[in-house]
Amino acid sequence: MIKMGTKVNLISGRTIVQGQNLDNKLSEAYFNEVATCELNESDMEKLGVAADGHVKVKTNYGEVVVKAKEKAGTPEGVIFIPMGPWANALVSGDTHGAGMPSFKGIDAEIEPTEEEVLQVKALMKTYME
Amino acid sequence: MVEITDVVCSLCGCVCDDIVVEVEDNKVTKVKKGACAVGKSKLMGHGRIEEPAIRENGNLKDCSYDEAIKKAAEILAASRRPLLYGWSSTVCEADKVGVELAEEIGAVIDNTASVCHGPSVLAIQDVGLPSCTLGEVKNRADLIIYWGANPAAAHANHMKRYSYISKGYWTEEGKKNKKLVVVDVRRTPTAKMADVFLQIEQGKDYLVFSALRALLYGYDDVVPEEVGGISKKDLLETVKMMKEAKFGIIFFGMGVTHTRGRHNNIVNAIETTRAAHTHTKFSIMPMRGHYNVAGINQVCTWETGFPFAVDLSRGYAWYNPGEISATDLLIRRECDAALIIASDPGAHFPGESIRHLSKIPVIQIDPFPNPTTEFADVVIPAAISGVEAEGNVYRMDNIPIRLRKLVDTEYLADEEIMKSILEEVRAIKEKEGE
């Protein structure tokens, strides 16, 4: 069963491999780690998406395609995208007068997709248009 | 082959200074001990920006250092609202020249605290910070609380060198006589090690701090059976551990600063620490990310009076995060040129802010190509601080440590590049004034 546009709470953060490739962001290793989205088993089932299946995540500020990863310990209704260009494509620049954008706790929708995950160079090009 | 001991890591705010590496043919060939997986990756190196370059007709074209520096100076001198951003992955000596340049051209100077612990800075300015050094934590702390922080991934040596696993003067048995509490939305690798894991509902940190404060002050009756997804039983158990500790410490991370409530969450975290003081010794510390983000806050404060988001366009320092912090400036499309040094807003700024940044002239100074390089107009390669260049940095507890130079390089250090740009800008201004 494929459920379209499931509402989720988006958070982001560091991972070891993301950190190891902080100075190596144009690499395959960085792409494989950071252009991903962690969900728990039950949300993966609800979405009808398999490991490494592509999902589209949308917020009021943007949308991005990433690979789904099952991760126990992620609460139901929460998705985690490692900090980086793919997570930030979904973040508002508004800081509510405090200087800090909301990088965590963003209302998002997620759905399975056949679309490709953009490489970092292609993702950056979308801003320059 | 030469073995170098007491190498200082230039990756995260832990600034580990007990690393041993092997150097052969002017290259770090092995990290023998001391560094975590992330620090090791930094020391061993990655692909570099090989040559200075200037963008022409959409493509970066190699040029000399002199040409790139001259172009950078022209862009900055002509800009009416320049932004100088980054400064956290370089040394204080380069940061100092950055502030001087900002003053010279009336720029906004901001650093990565803006998208990291900026809210912590605001909270500390509000209510102060009962903190300590990591040495004190190592030698005294028997209760470690990580809140919205995942050191197992982000500061992989933190527990081993300074907190839960470290062995100190009064903590000689390491974790045997210590307790670890982790508060997080996800069951992270750090959470898996905890004696008590409080799985908080996303965005409910303020409520849970408030509940702990009430319990620490003895107002058990006002706390409901569940707060932010955590049962009163677990909160009471945590408070019992806090009261019984000889020395407790709260380390907090982006889980609290990036989420709803921002600086208010940190104010409440600090007030929770104060509430614990009615029972025992307690301290609190932000888990600073970049190895010298604390350092640029120091330099910026002693040069301008303020730690980040400083506007020097008025001829005096103006500080108002939320108005002139980098992302705010970009979302309003206010700045017309930017110098980005030792940071990567292309990867770490909200998409909405990158949209403007990618369209204005951008000068990038960095050892490594990254998403910012994709839209930078002038790219200036730099020596890697802590590997190819030395200088002072501040650890997350504001202890200054000197980075060492391990190998020689032909790349210029950040400080030299900044001084050359400043000199060129002054020459342009002098010529204009004639």
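The values are calculated or read from the model by the stated rules, or taken from the named source; none is laboratory data. In this text the structure is predicted, and so the values were computed from the model without any measurement. Heads up, the Cβs are rebuilt from the backbone with ideal geometry, glycines too, and the neighbour counts pull from every protein chain shown. Each accessible area value is taken on the protein alone, full model and side chains, heavy atoms only, with ligands, DNA and RNA left out. Shrake-Rupley method; radii C 1.70, N 1.55, O 1.52, S 1.80 Å.
Which percentage, to the nearest 5, of the DSSP beta bridges contained in region B:234-392 is antiparallel?
Of those bridges, close to 10 percent are antiparallel.
Evaluate the distance, in nm, between pseudo-label points positioned 7 Å from the Cα of B:Ile4 and of B:Val222 along their respective Cα→Cβ axes.
Taking the simple label geometry, B:Ile4 and B:Val222 are separated by 5.6 nm.
What's the Cα-based Rg to Rh of region B:118-286, Rh via Kirkwood?
The Rg/Rh ratio comes out at 0.93.
Could you sort out which of B:Lys71/B:Lys359; A:Lys67/B:Lys232; A:Lys7/A:Lys71; A:Lys7/B:Lys243 sit more than 29 Å apart by Cα distance in this structure?
Long pairs (Cα-Cα over 29 Å): A:Lys67/B:Lys232; A:Lys7/B:Lys243.
Could the peptides A:81-87, B:103-109 be put in order, highest first, of the mean number of other beta-carbon atoms found within 10 Å of their residues?
Averaged packing, sorted descending, gives the order A:81-87, B:103-109.
Under a Cβ-Cβ cut-off of 13 Å, what is the net charge of the residues other than B:Val425 that fall near it, where Lys and Arg count +1 and Asp and Glu count -1?
Every neighbour counted, the sum reads -2.
Have a look at the DSSP beta bridges in region A:7-128 and tell me what percent are antiparallel, nearest 5.
60
Of all DSSP beta bridges located in the protein assembly as shown, what percent are antiparallel, nearest 5? List each step's numbers first, then the result.
Working: 42 of 89 bridges.
Once the DSSP bridges in the protein assembly as shown are tallied, antiparallel ones form about 45 percent.
From the backbone phi of region B:213-230, what are the Karplus-calculated ³J(HN,Hα) couplings (6.51 cos²θ - 1.76 cosθ + 1.60, θ = phi - 60°) in whole Hz, Gly and Pro given as x?
The phi angles translate into 4, 4, 5, 5, 8, x, 8, 4, 5, 8, 8, x, 5, 9, 10, x, x, 10 Hz.
Report Rg (one decimal) and Dmax (nearest whole number) for region B:173-249, counting Cα atoms only, units Å.
When restricted to the Cα atoms of region B:173-249, Rg and Dmax are 12.7, 39 Å.
Once you wrap a convex hull around the alpha carbon atoms of region B:302-365, what is its projected area averaged over all directions, in nm²? Could you put the intermediate results ahead of the total?
Working: hull surface 18.8 nm².
Convex hull of Cα atoms, orientation-averaged projection: 4.7 nm².
Extent of chain B along each principal axis, from alpha carbon coordinates, in Å, largest to smallest?
74, 53, 34
Measure of size requested: the Rg and Dmax of the protein assembly as shown, with Cα atoms as the atom set and Å as the unit; please supply both.
Expressed in Å, the Cα Rg and Dmax of the protein assembly as shown come to 23.1, 75.
If you take the accessible area of B alone plus A alone and subtract the pair, what total do you get in square angstrom, rounded to 100, with a 1.4 Å probe?
Its buried surface, counting both partners, is about 4100 Å².
Mind ordering B:167-180, A:62-75 by average Cβ neighbours within 10 Å, highest first?
Working: B:167-180: 14.3, A:62-75: 18.9.
Output ranking for B:167-180, A:62-75: A:62-75, B:167-180.
How many Å³ per residue does the convex hull of the Cα positions in region A:7-128 occupy? Don't skip to the end; give the middle numbers.
Working: hull volume 13.6 nm³, N = 122.
Hull volume over Cα atoms, normalised by residue count, gives 112 Å³.
Once you wrap a convex hull around the alpha carbon atoms of region B:256-307, what is its projected area averaged over all directions, in nm²?
4.8
What Kirkwood hydrodynamic radius, in Å, does region B:6-138 give when the mean of 1/r is taken over all pairs of distinct Cα atoms and then inverted?
18.7
Based on the Cα atoms of region B:2-42, what semi-axes does the equivalent ellipsoid have, where each is the square root of 5 times one gyration tensor eigenvalue, given in whole Å with the largest first?
Here the semi-axes work out to 17, 10, 8 Å.
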